[in-house]
Amino acid sequence: MTSVVPAAPRSDWAETARIFRFGTHVLSVTYAEVRKLRHDPLELATRAVQPTLWLVVFGKVMAHVRGLQTGNLDYLDFLTPGVLAQSALFISIFYGIAAIWERDLGVLQKYLVSPAFRSALVLGKALSAGVRGLSQAVVVYLLALAMGIALNFRLMNVLLVLVLILIGSALFATASLIIACVVKTRERFMGIGQVLTMPLFFASNAIYPVDLMPGWLQLLARINPLTYQVDALRALMIARGSSSFGLAMDFLVLLGVFVGLVGVAAEMYPRMVT
């Protein structure tokens, strides 16, 4: 008697097709955003100025401050992951202004009438910010190598650093998009973006250890996603680096915050046109 293999339930095929369409929408939006870099290579060059100043000027000066204890790391080794995270943050936190431009130009309206999932639109834009963040990783690695900083070049470590930059940049770009959905004007957004950037940076472990902060600032640092990104980068990038919170905790916090922000942004994104 011939056995008949049961066909896959129609619901399984529909779910597979839905996932495939979602991934296609995400990649399409990401590709459209990344293509803009080809028409503006000067942006990549100018973005290299900030990490260069932080490492070559600020880092060299602060390395001579005797009271700044950074454990078993030289100060420049300690600072390098923080500069990388900061560079990616500064790119991402103003990403929402592009969404306001798109609304004013009518591009956003075209996105919203397309069959693309709203969360796919948000995720695609977030990942494109991550790609821009990767350009900063290349700059910081080259600078650090030229300055003799003890980097860890194990393949797995480098790959995880790139993943961290993608997640961190996408996280702050999504937060930026939420702010843009609330304020809806470029002038308001620029003011709020500038107000948020410095507190996020200075209330983190990017340029000094959390233990050196007063108690109230330590509390803020521990709820700041940038702290966990820097902590993981320091453990993975630097040869003698280690994580204060544990790499698993660092990744879980970043992914958890990112997923939550994507959910919020997907709900708010269509309201920008109202």
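The values are calculated or read from the model by the stated rules, or taken from the named source; none is laboratory data. This one's a predicted model, so the numbers in the text were calculated from it and none came from an experiment. A quick note on method: Cβ atoms are made from the backbone with ideal geometry, for glycine too, and the neighbour counts reach across all protein chains shown.
Of note:
- Residue in segment 163-171 that is more than 10 Å from the chain's Cα centre (by Cα), part of a helix (DSSP H, G or I), more than 17 Å from residue 34 (Cα to Cα) and not β-branched (Val, Ile, Thr) present: no
Okay, residues lined up against (1) at pLDDT below 80; (2) under 17 Å from residue 35 (Cβ atoms); (3) in contact with a helix residue (DSSP H, G or I) (Cβ under 8 Å, 6 or more places away or on another chain); (4) not hydrophobic (A, V, I, L, M, F, W, C):
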| site | (1), (2), (3), (4) |
| --- | --- |
| 64 | yes, no, no, yes |
| 75 | no, no, yes, yes |
| 84 | no, no, yes, no |
| 89 | no, no, yes, no |
| 93 | no, no, yes, no |
| 102 | yes, yes, yes, yes |
| 122 | no, no, yes, no |
| 131 | no, yes, yes, no |
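- In the set 226, 164, 177, only one residue is at pLDDT 90 or above, within 28 Å of residue 117 (Cα to Cα) and surrounded by 20 or more Cβ atoms within 10 Å (Cβ to Cβ); that residue is 164.
- Members of segment 187-231 found to be in contact with a helix residue (DSSP H, G or I) (Cβ under 9 Å, 6 or more places away or on another chain) and outside any helix (DSSP H, G or I), listed by number: 203, 204, 205, 206, 207, 208, 209, 213, 224
- Residues of segment 232-274 classified as of a type in the set (Lys, Arg), under 18 Å from residue 76 (Cα atoms) and assigned to a helix (DSSP H, G or I), total: 1
- Applying the set (1) under 30 Å from residue 268 (Cβ atoms); (2) not in a helix (DSSP H, G or I) to residue 174 leaves exactly one unmet item: (2).
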